[in-house]
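Taking it in order: structure first as structure tokens, then the write-up.
Values quoted throughout were computed directly from the atomic coordinates according to the rules given, and no laboratory measurement underlies them. All figures in this text were calculated on a predicted structure; none of them were measured in a lab. Cβ: placed from backbone, ideal geometry, glycine included. Neighbour counts: every protein chain shown.
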4 protein chains.
Amino acid sequence: MVVRAAVAGASGYAGGELLRLLLGHPEVEIGALTGHANAGQPLGALQPQLGPLADRVLAPTSAESLAGHDVVFLALPHGQSGALAAQLGDETLVIDCGADFRLSDAADWERFYGSPHAGTWPYGLPELPGARDALKGARRVAVPGCYPTAVTLALFPAYAARLVEPEAVVVAASGTSGAGRSLKTHLLGSEVMGSMSPYGVGGTHRHTPEMIQNLSGVAGERVSVSFTPTLAPMPRGILATCSAVARPGVTAARLRETYERALAAEPFVRLLPEGQWPSTAAVAGSNAVAVQVALDEAAGRVIAISAVDNLTKGTAGGAVQSMNLALGLPEELGLSTIGVAP
Amino acid sequence: MVVRAAVAGASGYAGGELLRLLLGHPEVEIGALTGHANAGQPLGALQPQLGPLADRVLAPTSAESLAGHDVVFLALPHGQSGALAAQLGDETLVIDCGADFRLSDAADWERFYGSPHAGTWPYGLPELPGARDALKGARRVAVPGCYPTAVTLALFPAYAARLVEPEAVVVAASGTSGAGRSLKTHLLGSEVMGSMSPYGVGGTHRHTPEMIQNLSGVAGERVSVSFTPTLAPMPRGILATCSAVARPGVTAARLRETYERALAAEPFVRLLPEGQWPSTAAVAGSNAVAVQVALDEAAGRVIAISAVDNLTKGTAGGAVQSMNLALGLPEELGLSTIGVAP
Amino acid sequence: MVVRAAVAGASGYAGGELLRLLLGHPEVEIGALTGHANAGQPLGALQPQLGPLADRVLAPTSAESLAGHDVVFLALPHGQSGALAAQLGDETLVIDCGADFRLSDAADWERFYGSPHAGTWPYGLPELPGARDALKGARRVAVPGCYPTAVTLALFPAYAARLVEPEAVVVAASGTSGAGRSLKTHLLGSEVMGSMSPYGVGGTHRHTPEMIQNLSGVAGERVSVSFTPTLAPMPRGILATCSAVARPGVTAARLRETYERALAAEPFVRLLPEGQWPSTAAVAGSNAVAVQVALDEAAGRVIAISAVDNLTKGTAGGAVQSMNLALGLPEELGLSTIGVAP
Amino acid sequence: MVVRAAVAGASGYAGGELLRLLLGHPEVEIGALTGHANAGQPLGALQPQLGPLADRVLAPTSAESLAGHDVVFLALPHGQSGALAAQLGDETLVIDCGADFRLSDAADWERFYGSPHAGTWPYGLPELPGARDALKGARRVAVPGCYPTAVTLALFPAYAARLVEPEAVVVAASGTSGAGRSLKTHLLGSEVMGSMSPYGVGGTHRHTPEMIQNLSGVAGERVSVSFTPTLAPMPRGILATCSAVARPGVTAARLRETYERALAAEPFVRLLPEGQWPSTAAVAGSNAVAVQVALDEAAGRVIAISAVDNLTKGTAGGAVQSMNLALGLPEELGLSTIGVAP
């Protein structure tokens, strides 16, 4: 089986990471690469790490360029996927790394994104109860946001087993690539090195309703999420520190056992041995998710912490994992759980 | 007035920062510098940034070396300050940057530090209601921990005004200098660069009871704190993201007004204009504290975030500020609110 | 004496550093602050580290805004200083942090900058033989480039004493603030963290003729410089590794002695003890220059290495040092030799 | 073909990188993992990025542990490989990542390493003229040092074609993992972040004679190398800036053509398009080498710059490449030329 794949948005960080993974995927042949402002340029000038594709020239992003592929990955700014996908036939698997088709609630979408709701596609987080089956054979996939990936995988076992109250508090630190390759002063190296800073505080970050959707679905009741993202002085990685009030009778042993059971069969999620905590370095460049959990008896809270690479499992790796499922390939094909450290 | 000051523990990060500040203090003359393993070495080999003191040689840390000074700063490992301070007369101002005399509850001390309680000294956080008066004329000062400094200054206005429930959730990111200059594998540059990782999770970090003590004192009731510290890939700085359930009737306007009133007179704490958030870079190398606060109405929580330099306001700057108060000097003398950025 | 100072270009990195230093200068009162794209904005939104000036609003950069000051610092893009300075009377001390008035050879200027030569002002590197006298009482000063500052101070003693051949090889690493606050993809934090990369290779960097001018002047013959700048993953600092063929008969002892003699009286330059090497961290945020020198007998070369903070001694600190000299103030006033480390 | 491989020194950075690569090698089965101080510990506690091997326990490093493998990789401190290798039969391929068998000149070895010379093994830099053939079928391989790898690949085409004079000047910046996982104060994150610093200046670094050996062999005459290594604030990567006096008649066109011809057939070395310069980020985590070259006509020098990942091509990747050649496998098997960026 040879899968011919196109990448729209090949000059950004998500596009570059998709290509890095697709180059190592044994069943994929890389087809069209497209860009907007960078159309006409050789990829080597934009993504110097992708040596084997250095001489490939970016086509303009359009339905014409993307036609005739088995899979089309969209790594575009929010709001641009819908119109393009509509022009790609149902025989094409379309995997959207943007937000457009993640939320099922149109009002949530409109409140947070300020535009009409485009619809809802199967959600590319196979580890979320129910999601894996929906991905098998799908022709459209909405790749989760990077923060929702980290937060959902840290907390869903606790919510699925009703160990915690439905008010979660999340503080997450992200590497700067999560903000994309856009030219903004606060993303300059001079500004970010040596600095931690929050943004989107107070429930305003667009990933908040996605986390609520995921956790509420698992919990069977409305879960609120107080989410504070912070920008960390590193290029990649998310560390999500999540907590919620422990329900009466929850013990450390029961908590551990619940997480062990929930995560045991997952190929990419690793519950660390007791006493060992996740670090973003240990999952850098890989599709692995490291999780650890603890009960703070004095404060009465369950603390669940996860680390992911925002570009790999948080975006491009999650997209490839979903592609494998949609196409009936082995879920782990072309994906690694081995981090590049130190 | 010339104040003759000694620094015990001059080869560590806290000691180096104390000397950096004391060199710029117009009323201080630097006397004895002491070390343990490094006694006999010139300071220039250990603290190359302190050019003017490069040729000073470290004496061994002992009561003899430290005798005859107006002020003695102790920047020693926990547990070593008590015996030394007992040998320094009451005419000497002793300022302990360690934890030994911070906690008033002996049981808390013993549970978290595993040794007998040495006592309680006036607490060197002038901004904490009541603390400034206790520091005036004091001969013994316990400098707060770096995390408690950041967290207390972010949350005390909300607790003093009873705007939030007594269960706080804190996730703080610290630069690596907070862990001291000790040789541990996880502190190597190769391990920390590019990585965020938590430690002391689940209520086990020693700064937890100190935060509880400060906030409970202000709130007039027992406040619990769920505290998760994380290690960030930067040498300096703490960003503390703190939250608690908003009490009924709390509005964004009332929250803002409460913080404005509580912090207006503080020379080192700056409540940022609405919409601007703290960053550790903006306070690096300074005694400034940047604070911002928001109400997340959907999640029903108050979010208060502060940034400090862990070595300056979080340790050595706080120590000098307390010295000024204890000696009757202007509180701001020798201290800057201007960060070194970018 | 109160010196009223204006800063044109207050929103950039050089402008911010000038203000940080001027705020700590005992004889300076800060007057107009101007910007171009940012005129009308409060400084606190642009330079959050400058708390005391947070509410000051930027005026447009113009002769009107800058009139009526004792000193005007220009921190503008190359090519903009000449016209502005011509409108400021000779009673005003104008200190240009740009390149416009650094080179004495018009052909060099035109080849490297591609515009007509504006002229030559007294050169703000007091340590360069002859320069200090020219600065006393000057009304116009050209602040050296950051790389020429580091390289000249590393090599001039060797050239002044004719210890080396007139072909220098320089490889220098600079923090990203040296590239200014401009929005360019290769300056994004995601691109620079974890990466070293060269630029301006092969003699094309604009600071090359300035180095040649300085060293040739000292050597009394034409010195060629092979200069390779590299971008390092840090916000501040330059480490300049310079070498040249040792002339016959040069010994390590004579080399050391030459440097000791040449640098002994300099308040800001420190020849490190033998065996200790400069680091940019040790001079960060200070006006200090750390220098060390060695003779590689096998390769027959003298190696001279210097570290400076590109924004302080390399730009704003050098500017203030020159201001002090021009105004007859003590040369060291308001400047520190103590680095902010770690 | 299944190759059973053991790694001695599995707890260090080189050992970890070897395992990362071997886990992805289609013909390798990982056998014994050994350590010294860490024997008895699970690998997951030491190398958390190697999830699939987390439960493997380190055996003590000894001939017994390492017996019965097709390949044994030695990632040990200098001086420990000889005795161990002598106990491993000739049927075992032994690949030494240490320095013990790199130098052919016993006097050089003794001067730089201070111990008796152990011998000389085939040199694991296939790109060096003559080296590839010697590696085919070899049972012993000396993996080059990381700096010599970068420097040799930057300069050998110029020396092979006699375009430059036999005095090279090299300044190289290395990530901190090049210094290994040893506990030294100057390697702490707090010290290295934000800092560039030189070390081993003046011809004293142990990699100097290895560079001289390689370049002299290619040039057919004794080449001197003035080598200055610097420590850069990043975990991985080497950027080597190399130059030498251009011989009369050398033009930019001839230089380019020489490099194109010399490197065209190399699977891992990429001469970048004109105008594009190497960065360590673009080769991070890969076995790729990026090279660019320029002629500085004013200074009369050829500048050649290379970037490698010190742990991959500079150590473990080079080792695997040599293993492939020694065993008759395709040279590129299990190795990637795609960097992990940003």
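Give the calculated FRET efficiency between A:Ala83 and C:Ala37 to the nearest 0.05, with a Förster radius of 41 Å applied to their Cβ-Cβ distance.
0.75
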Worksheet item: Quick one: if you stick a label point 7 Å off each Cα along the C-beta vector at A:Glu266 and A:Glu332, how many nm between them?
Response: 1.5 nm
Discussion item. Quick check on chain B: what does the Kirkwood estimate of hydrodynamic radius come out to from the alpha carbon pairs, in Å?
Written reply: 20.2 Å
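For A:Met1 and B:Thr204, what is the calculated FRET efficiency with R₀ set at 45 Å and r taken between the beta-carbons, to the nearest 0.05? Mind showing how you got there, number by number?
Working: r = 51 Å, r/R0 = 1.13.
According to the calculation, E is roughly 0.30.
Just to be sure I understand: of the beta bridges DSSP finds with both ends in region B:147-308, what percent are antiparallel, rounded to 5?
Numbers: 25 of 36 bridges.
Of the beta bridges lying entirely in region B:147-308, close to 70 percent run antiparallel.
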Fill in: Cα centroid separation - region A:257-325 against region D:15-63, whole Å
22 Å
Fill in: Counted charge near C:Leu19, where neighbours are those whose Cβ lies closer than 15 Å (Asp, Glu -1; Lys, Arg +1)
+1
Worksheet item: Where Lys and Arg each count +1 and Asp and Glu each count -1, what net charge lies around A:Gln213 among other residues with Cβ under 9 Å from its Cβ?
Response: -2
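Among D:Phe227, D:Phe156, rank each residue by its count of other Cβ atoms within 10 Å, from fewest to most, as a rough exposure measure. It would help to have the intermediate numbers written out before the result.
Details: D:Phe227 30, D:Phe156 23.
Placing the least packed residue first, the sequence is D:Phe156, D:Phe227.
Over all residues in B:326-338, what is the mean tally of Cβ atoms on other chains that come within 10 Å of each residue's Cβ? Could you put the intermediate results ahead of the total?
On the way: counts 0, 0, 0, 0, 0, 0, 0, 0, 0, 0, 5, 5, 11.
Across the residues of B:326-338, the mean count of other-chain Cβ atoms within 10 Å is 2.
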Discussion item. What does the charge count around A:Glu266 come to, taking other residues whose C-beta lies under 14 Å from its C-beta (Lys +1, Arg +1, Asp -1, Glu -1)?
Written reply: 0
Practice prompt. Mind telling me which of B:Ala173, B:Ala232, B:Ala83 comes out most flexible in a GNM of chain B, alpha-carbon contacts under 10 Å?
Written response: B:Ala83
Discussion item. I'd like the Kirkwood hydrodynamic radius of region B:147-308, using the inverse of the mean 1/r over distinct C-alpha pairs, in Å.
Written reply: 16.1 Å
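Sorted from fewest to most neighbouring beta carbons within 10 Å, what does the list B:Ser182, A:Ser197, C:Ser279 look like? Intermediate values should be presented prior to the final figure.
On the way: B:Ser182 12, A:Ser197 24, C:Ser279 28.
Ascending Cβ contact count within 10 Å gives the list B:Ser182, A:Ser197, C:Ser279.
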Worksheet item: Is there a simple number for the mean count of other chain Cβ atoms within 10 Å of the Cβ of residues in A:200-207, and what is it?
Response: 5
Worksheet item: With each label point set 7 Å from Cα along the Cα-Cβ vector, what nm distance links B:Glu297 and A:Ser115?
Response: 2.6 nm
Item to complete: Please give the average number of partner chain Cβ atoms lying within 10 Å of the Cβ of each residue in D:270-279, rounded to a whole number.
Response: 5
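Can you give the helix-only mean residue ellipticity at 222 nm for chain D, where every DSSP H stretch with n ≥ 4 adds -39500 (n - 2.57) and the sum goes over all residues, rounded to the nearest 500 deg cm²/dmol? Please report the intermediate quantities before stating the final value.
Working: 12 runs with 96 residues, N = 342.
Helices in chain D give a 222 nm mean residue ellipticity of -7500 deg cm²/dmol.
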Worksheet item: Hey, in the GNM for chain C with a 10 angstrom Cα cutoff, which one of C:Ala299, C:Ala307, C:Ala281 fluctuates hardest?
Response: C:Ala299
Worksheet item: Percent relative contact order of region C:253-295, based on C-alpha pairs within less than 8 angstrom and at least six residues apart?
Response: 43 percent
Response to the item:
When chain A is treated as a Gaussian network with springs between alpha carbons less than 10 Å apart, the largest mean-square fluctuation among A:Gly314, A:Gly44, A:Gly275 is found at A:Gly275
Discussion item. Tell me the Kirkwood radius of the protein assembly as shown: reciprocal of the mean inverse pair distance over distinct alpha-carbon atoms, in Å.
Written reply: 32.3 Å
Item to complete: Run through the other copies and list how far each one's label point is from that of C:Leu333, in nm with one decimal, shortest first; the point sits 7 Å from Cα along Cα-Cβ.
Response: 2.3, 7.5, 7.6
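Would you list A:Ile338, C:Ile238 from fewest to most Cβ contacts within 10 Å? Mind dumping the intermediate values first?
Details: A:Ile338 22, C:Ile238 28.
By the 10 Å Cβ count, ascending, the order reads A:Ile338, C:Ile238.
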Worksheet item: Rounded to the nearest 5, what % of the DSSP beta bridges within chain D are antiparallel ones?
Response: 45 percent
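GluC sites (Glu not before Pro) within region B:237-342: which are DSSP loop residues with at most 12 other Cβ atoms inside 10 Å? List each step's numbers first, then the result.
Values: sites: B:Glu257, B:Glu260, B:Glu274, B:Glu297, B:Glu331, B:Glu332; in loops: B:Glu274, B:Glu297, B:Glu331, B:Glu332.
Those satisfying the criteria are B:Glu274.
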Fill in: Centroid-to-centroid separation of region A:129-190 and region C:133-185 [C-alpha atoms, Å]
48 Å
Item to complete: Could you grab the relative contact order for chain C? Cα pairs under 8 Å, six or more apart, rounded to a whole percent.
Response: 17 percent
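Can you give the % of DSSP beta bridges in the protein assembly as shown that are antiparallel, to the nearest 5?
Details: 110 of 230 bridges.
Close to 50 percent.
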Practice prompt. Name the long-range amide H neighbours of D:Gly79: under 5 Å, sequence gap of 5 or more, or other chain; modelled H, no Pro or chain starts.
Written response: D:Ala99, D:Asp100
